[in-house]
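Notes follow the structure.
Nothing in this text is a laboratory measurement; each read-out follows from the coordinates by a stated rule. Model, not experiment: these values are computed from the prediction. No Cβ is skipped: glycine too gets one built from the backbone with ideal geometry, and neighbour counts run over all protein chains shown.
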Amino acid sequence: MLHLEDTAMDEREICNKIKEAIAKISDIDAADIVDTASFQDDLGLDSLVLLEISVEIEMQFGLEVHEDDLKQLQTVQDAVEFVQQALIGQA
């Protein structure tokens with residue numbers, strides 16, 4: 001039987017992967033991205049870049065990010081929480 005703790009990634013690992021995805025797609029260094037950073041206001045990312053980031057998240061975590069979900073993600077922390085909830089839902 002598969003246990004949640006066997007498949008769960010810790011919050012820091014998820015956050016780091018999301019920051020790496022942002023860095024890969026934008027000109028922003030992952031080390032310069034804070035957890036509370038707003039995608040639009042703090043990082044200056046537009047909707048097209050956010051779409052690219054969502055595709056990267058889908059590939060890294062094996063999740064599907066729907067357009068409605070994407071609209072709810074305003075900060076790095078929002079994305080981390082979304083991934084955590086989605087991974088729990090898969091367990």
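Brief remarks follow.
- Evaluated at q = 0.13, 0.22, 0.23, 0.24 Å⁻¹, the base-10 log of the normalised Debye intensity for the chain, with identical point scatterers placed on the Cα atoms, takes the values -0.39, -1.09, -1.19, -1.29.
- Distance between the C-alpha centres of segment 65-81 and segment 33-62: 8 Å, rounded to the whole angstrom.
- Local net charge near GLU58, Cβ-Cβ under 13 Å (Lys/Arg +1, Asp/Glu -1): -4
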